[in-house]
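In what follows, a structure is listed as structure tokens, so that the remarks can point back to it.
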Amino acid sequence: MVPTLKDIMARCEALFEDLHFNAVKEWKAAVPGRKAIGFMPVYVPREIVHAAGMLPVGIFGGGDQMEVIQGDAYYQSYICRIPRSTLEMGLTGRLDCLDGMLFPSLCDVIRNLSGMWQVLFKDKYVRYIDVPHNYLDSVGGEFYIQEMQTLREDLGRIAGKPISDEALNASIAVYNENRRAVQDLYAYRAQKPWQAPTAEVYLVIRAGMVLPPEEHTPLVRAYLAAVDLEDRPKRDKARVVLTGSFCEQPPLSLIKSIEMAGCYVVDDDFGLIMRWLLDEVPADGNPLEELSKAYLHRSAQQASKFDEKKEDKGKYLLHQIKQGGAEGVIFAAASFCDPALLERPMLQDILSKQKIPYTAFKFAENTGQMAPIREQAGTFADSIKLWSDA
Amino acid sequence: MRCFIGIDLGSTTTKAVAIDEHQNIIGRGITNSRSNYDTAAKIAKQEALVNARFYLFRQALSQSSALNGALEEFLAQLERDFRLEQFLVQFTDLEATCQRNAEGERFGDASKAVLSALSELFQRLRIEAPTLFAPGAKRRSDFFRDIAGSRYLALGEEVAKEGGIRYDMLLNVFDRSIIEVENRDYGSAISANLLAALDRTFIALPETASRADAIRAPIRSVLDTVLEETYVIGTGYGRARLPFSKEHIRSEILCHGLGAHMMHAGTATVLDIGGQDTKAIQVDQHGIVESFQMNDRCAAGCGRYLGYIADEMNMGLHELGPLAMKATKKVRINSTCTVFAGAELRDRLSLGEKREDIMAGLHRAIILRAMSILARSGGIRNEFTFTGGVAKNEAAVKALKDLVFENYGEMTLNINPDSIFTGALGGATFAYRAVVEEGKTAEARE
Amino acid sequence: MNTTIQMTPAQPGKKPVAEVQKEDAMLLQKEMLNANYKDLASAHDQGRKVAATFVPGNLNELVMCFDFARSLPETNALQNGMRKKSGKLIMDAERDGHSEDVCTYVKSDLGMMLGGEIGPTGEKLPTPDLLLLSYTGCFTFMKWFELIRQKYNCETVMLHTPYQGDGKITQSMRDYIVKQLKETVIPTMERVSGVKFDIDRLRQYMRESAKAEDDLVKVLQSAKNRPSPIDGYFGAVYYIGPIFTAFRGLPEATQYYDVLRREIDERVRNKKGPITPDGEMLEEKYRLVVEGPPNWTSFRDFWKMFYDEGAVVVSSTYAKVGGVYDNGFRHDADHPLESLADYCLGCYTNLSFPQRIDMICKYMDEYEADGLLINSIKSCNSFSAGQLLMLREVEKRTGKPAAFIESDLVDPRYFSGANIKNRLESYFQMIKQKRAVAGVVTAH
């Protein structure tokens, strides 16, 4: 039976809201000995986890429905919220289903969280995943391959069997397919944003953080098929790219508020890991080398990643704007997010020079007040429309 | 007799506690912290010593059995009469001060009219004064500034109109004068005021007059007893401004921990939520602080937050708790940031959430912050003592009970009706320990 | 994160111990720092190129091989903070669109650029010809130089130092850095400066560095004595100045540390306490280890809260921010590039969290400290994120009390003196009380 849109969204929503990760527990229980490895945003090479026969699980914070007590006990008021809620989930047993955690090289807060995890969860596998800021294959590439090799060996040991090149290549192929589906999803929304509202697209993406890619890819395809059958009215809204929410996630109600206020989000950086590598990774070569090359030469730009040349700054954002036919940019950064907030003035500078309008606000994953954001997004949408009519 | 005194100089009120050689609390005193901290400390201490006299009266009179069965009634009347006497002394001074301040060039042509309006005003006030201290009379505050001020304002407008002067002239005189008066010390009048009050009491309770001598004797002997200020310890935010040497100053964290231990000997963890800060303190079996944490630089979730909410809702601070208790539905409030609270509140109201449900959510949000600070200090251990202004708010207490149970299981939660004196009691106990256990003698004041 | 402060000599009449030697060291340091600002101001006139770089992962020996004048933006921000200029600079940068949430060193620097690049001493600082982005132990560094590049359009070269996530330096990390040096950093510096790289020159500088490092370690470890002859935090920021900045590898620095070490040896022999701005500290009542950078805008007031109570800091992690030497690491002329790699990898903020906790526990033990104080800095997530866990772990492992205060590097809006003083007093009294109780217990 073909699932209806309602079924699909109900499933995605349930997965999104379940902070006890029952989907992960069920996946593990289905075959004895299965293991799951958590990762935080923005990017880790999930292919290696997958090739070890393990489930990579994206841990994207606690959202706006969880009370945080112990997590707050470890952080000062000037630190963002995602490490608090992540610790809270860990300390309250919600992440017990994970056999390890990977912490990407993203910012000092997440970096230090990797060490806190080592102290607090001594029986779990914990690894900080460094990625190179030198983009020469012989320099940064070699280092990165070695980093991935270490992860490969560690996970092979935990799995009880080394990870073969064949297994890695097979996983690369699986993720290639998933990436294609996600790219199609984004392309579809950019084309018909009234058909695929961002709140839905977001939930479909988030489902991929807990589902194995073999299940997520058909889910994305099913959503695309189902949503295209819907008869949804096209409205006169401003087309915007939303940027800066690559780590801590805004609450779903905030995403809805932006679209309700008169914007169509045609591109964003939620769940960036699914679109981090920009194209196919060859699945028939030396797998780590191919993953490294894809990272070094064909991956998205993001605030935590060094831009070698001044001219490179903002290229990806401009590409997103062009590709999505956007008329403006909304900078939505988590409060106290160093990468997003330090990057912002540079991107704004570039947009100003290109005469692309933008607006900016900050949020926390548990932001409760939507009225100011609705107002701001609405005013922004109105001003874009006025500007384009003039 | 030897008295050990602790003075807690807080940002809004100054508290004093006196204990005796057996560590019994014999007196408590409280006054508003005024511009002059020295005076505030002195007056709080005097209040505590007056309170100690009443403690001793009670002891002496119950031993003499001169007032069999009528002791409490008599002492209550005596206290009211004493308050009235004290009030009248200060009131007389206030009148003189006001007259003085109204003289001269200040009001130009209106000078005369102002002076006569003042006379008229004070005459009316004097007539109604006894009713302020009548049995069952309700006062919003016991501080002279508040009692005298509220009546002055209430009657002043009419008097000004009748006298053909501007009301603000009278206000100006009052504002100028009250500062002088409240920074003056009336300690020397205490004994005389007590004796005068005694005469009033015999009149008010004529059935006791026949036993006047039997009652007077023990009271006189108490009055003759010198209450020696054997050792004084100062604490609280203003402690650095007390004219004490370093030996006589303790941090309010230490005093708070010890005070909570003295009130509830089983105390292991103390939570104090005051207006400006939240403290979590762990104490050992002697009441010595083992660790403490305070809210970080961000004051989210302190008592002041409730003040903002009350302003935002156009309600009195004391009405918030009772309203929250009427909640029937759980509403999650995420922001304890005072800056954002208003916006979130309005958002919720516009979404049709009920005020009482939102209020309950707000109280829980505050207590959640406190729970984090407690976790930071090492968690909650049995017994758990809750102090500070917010401990008087029933909705906050309910939220705390719920969260303690959810996170730590069954615990003994102590909330003392006199918790406002916790720091001062700790100070008094430090004073006792300094002399009795460490053999220190009081140093001359610097 | 660095130290170029001028300290007034002890007040007259307040026990002028070893006055001459102290003056020697202080004067030397002051001269050096002023000379560097002069050097920078005149560099372009003299046809010299200017390189800007950061304190942690500072490759001074290598940079000197290309005759660059060296500018350290952190030091500029710090100096502007000490001179009470940073508040305005920060607000200027915020008005220019920088978030109130981010690092105030960065904003102070950008504010200075907006105001015409007038440096802390009033001399105009030159636009750098090269930004040497040593990405060591702090993510913000990367954005900082990207921001400067965005304005100045100057050449930027990245030296990426991997993080010691597993608490160890692997050969792959070392190789990565050495390769970056060989293939990108050195060629870029040759091109920008027009000077050919001479490895023997590098070796010579490194030999000087190692000598100075030996003396620095002796100075810092003198705090193991009772009383400690130095303050290992407030005092140490003066001591680490030259070696963490533009002087490591120069004979002037070697000489400075030699003079300083002899002066401190003398204080140890005479059982003298540390020199504070108000004179010598007479009675050592509390010995503390401090984690986290100091506040610069109220540096003196902050220090006074310690010495007024008889508290001396015997060791601090901040004094290791530009290089950890007390674990035995020295710049090694025999393996120059490898040892530069190890230097970068080993800087304090590049250590893993468990390593940092181990280091503090070790200091608590070796320096016989009464407790740990954490000064949590809003700007500095590299230090601050997780410090509350650090506090709990250190308490658990050492049984000694720890305390927590908050301030900022150079944002005067974020220094609440009364608040900090209140907590410090409570903390010192708590230590005293605990000691009294312990005394009673042992006496029984």
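Going by Cα centres, the range C:256-290 and the range C:128-207 are how many Å apart? Here the answer is 36 Å between Cα centres. The range B:71-128 and the range C:299-352 have Cα centres spaced 68 Å apart. Here B:Lys161 is the anchor, and the lysines within straight C-alpha reach of less than 16 Å, apart from those fewer than 8 places off in the same chain, are B:Lys112.
Only one residue of B:Gln86, B:Gly163, B:Val173 has its Cα farthest out toward the positive end of the dipole of the range B:83-182, where Lys and Arg carry +1 and Asp and Glu -1 on Cβ, and that residue is B:Gln86. Summing both sides, the accessible surface hidden between A and C at a 1.4 Å probe radius is close to 4800 Å². Dipole magnitude for the protein assembly as shown: about 800 debye, using +1 per Lys or Arg Cβ and -1 per Asp or Glu Cβ, origin at the Cα centre. Against the main long axis of the alpha-carbon atoms of chain A, helix A:108-120 sits at an angle near 40°. Atom-type composition of the exposed protein surface of the range B:265-415 places 51 percent of the accessible area on carbon and sulfur (1.4 angstrom probe). Looking at the protein assembly as shown, the accessible area is 37 square angstrom per residue; that uses a 1.4 Å probe and ignores ligands, DNA and RNA.
Once the Cβ-Cβ distance between B:Gln59 and B:Ala189 is put in as r, and R0 is 25 Å, what FRET efficiency do you end up with, to the nearest 0.05? Once the sixth-power term is evaluated, E becomes 0.55. Dipole of the range C:203-337 computed with +1 at Lys/Arg Cβ and -1 at Asp/Glu Cβ about the Cα centre; of C:Gly323, C:Leu260, C:Asn225, farthest Cα towards the positive end is C:Asn225. Helix C:73-82 and the long axis of chain C differ in direction by around 40°, with both axes built from C-alpha atoms. Which distance in Å, rounded to a whole number, links the C-alpha centroids of the range B:1-67 and the range A:225-280? For the range B:1-67 versus the range A:225-280, the Cα centre distance is 67 Å. The magnitude of the dipole of chain A, with charges of +1 and -1 set on the Cβ of Lys/Arg and Asp/Glu and taken from the Cα centre, is near 460 debye. Of the residues in the range C:166-181, those shielded by at least 50 Å² of accessible area once partner protein chains are present, compared with the chain alone at a 1.4 Å probe, are C:Asp166, C:Ser172, C:Tyr176, C:Lys179.
With contributions of -39500 (n - 2.57) from each DSSP H run of at least four residues, the per-residue ellipticity at 222 nm computed over chain B stands at -18000 deg cm²/dmol. To put it simply, the accessible area of chain C at a 1.4 Å probe is 50 percent carbon and sulfur.
Applying a threshold of 27 Å to the alpha-carbon distances of C:Lys211/C:Lys396; C:Lys30/C:Lys211; C:Lys49/C:Lys124; C:Lys38/C:Lys107 flags C:Lys211/C:Lys396 as lying beyond it. Using C-alpha pairs below 8 Å separated by at least 6 residues, the relative contact order for the range A:16-82 is 26 percent. Think of the protein assembly as shown as a dipole: +1 on every Lys or Arg Cβ, -1 on every Asp or Glu Cβ, centred on the Cα centre; then among B:Phe292, A:Ala173, C:Asn60, B:Phe292 lies furthest on the positive end. Inter-label distance, A:Ala187 to B:Met315: 5.6 nm, where each label sits 7 Å from its Cα along the C-beta direction.
In a DSSP loop and with at most 13 other Cβ atoms within 10 Å, the GluC sites (Glu not before Pro) in the range B:56-112 are B:Glu103, B:Glu105.
Among the trypsin sites (Lys or Arg not before Pro) in the range A:332-380, those placed in a DSSP loop whose Cβ has at most 15 other Cβ atoms within 10 Å are A:Lys355.
Its relative contact order, with pairs defined as Cα atoms under 8 Å and 6+ residues apart, puts the range A:152-261 at 27 percent. Ignoring aspartates and glutamates fewer than eight residues from A:Lys385 along the same chain, the ones with Cα atoms less than 19 angstrom from its Cα are A:Asp236, A:Glu259, A:Asp267, A:Glu327, A:Glu375.
When the accessible area of each residue in the range C:68-116 is compared between its chain alone and the complete protein assembly (1.4 Å probe; ligands, DNA and RNA ignored), which residues differ by at least 30 Å², being lower in the assembly? Going by heavy-atom accessible area, the residues of the range C:68-116 that drop by at least 30 Å² are C:Gly97, C:Ser99, C:Asp101, C:Val102.
Taking each of B:Lys279/C:Lys304; A:Lys256/A:Lys322; A:Lys234/A:Lys322; B:Lys330/C:Lys378 in turn, the alpha-carbon distance tops 30 angstrom for B:Lys330/C:Lys378.
For B:Lys440, the aspartates and glutamates whose Cα falls under 20 Å of its own Cα, not counting residues fewer than eight places away in the same chain, are B:Asp20, B:Glu21, B:Glu228, B:Glu229, B:Glu247.
For the range C:144-229, which trypsin sites (Lys or Arg not before Pro) are both in a DSSP coil and crowded by at most 15 other Cβ atoms within 10 Å? Answer by residue number: C:Lys168, C:Lys196. The apolar share of the surface of the range B:6-79, taken as the fraction of accessible area on carbon and sulfur atoms (1.4 Å probe, ligands and nucleic acids excluded), comes to 41 percent.
Using the Kyte-Doolittle scale, find the helices of chain B whose mean hydropathy is at least 0.0 and whose Cα atoms extend 27 Å or more along the helix's long axis, counting only whole DSSP H runs. Length and hydropathy pass: B:111-132, B:355-377. Each Cα pair under 8 Å and six or more residues apart adds its sequence gap; the mean of these over the residue count of chain A is a relative contact order of 20 percent. Say each of B:Asn24 and B:Arg216 gets a label point 7 Å from the Cα, pointing the same way as Cα to Cβ; how far apart are those two points in nm? With each label point 7 Å from Cα toward Cβ, the separation is 2.7 nm.
Of the residues making up the range C:129-146, those losing 20 Å² or more of accessible area when the isolated chain is joined by the remaining protein chains, with a 1.4 Å probe, are C:Tyr135, C:Phe139, C:Thr140, C:Met142, C:Lys143, C:Glu146. Remark: spin-label model distance C:Arg226-C:His44 equals 5.7 nm, labels positioned 7 Å along the Cα→Cβ axis. Taking the C-alpha atoms only, the angle from helix A:142-159 to the longest principal axis of chain A is near 60 degrees. Projected onto their three principal axes, the Cα atoms of the range B:83-182 cover extents of 43, 26, 18 Å, largest first.
Calculate the FRET efficiency for B:Arg124 and A:Ala29 from the Cβ-Cβ distance with a Förster distance of 56 Å, rounded to the nearest 0.05. Here the calculated transfer efficiency is 0.10.
The values are calculated or read from the model by the stated rules, or taken from the named source; none is laboratory data. None of the values given here were measured: they were computed from a predicted structure. In this analysis, Cβ positions are derived from the backbone assuming ideal geometry, glycine residues included, and neighbour counts consider all displayed protein chains. When the accessible area is computed, the model is the full protein with side chains, heavy atoms only, and any ligands, DNA or RNA have been set aside. Shrake-Rupley method; radii C 1.70, N 1.55, O 1.52, S 1.80 Å.
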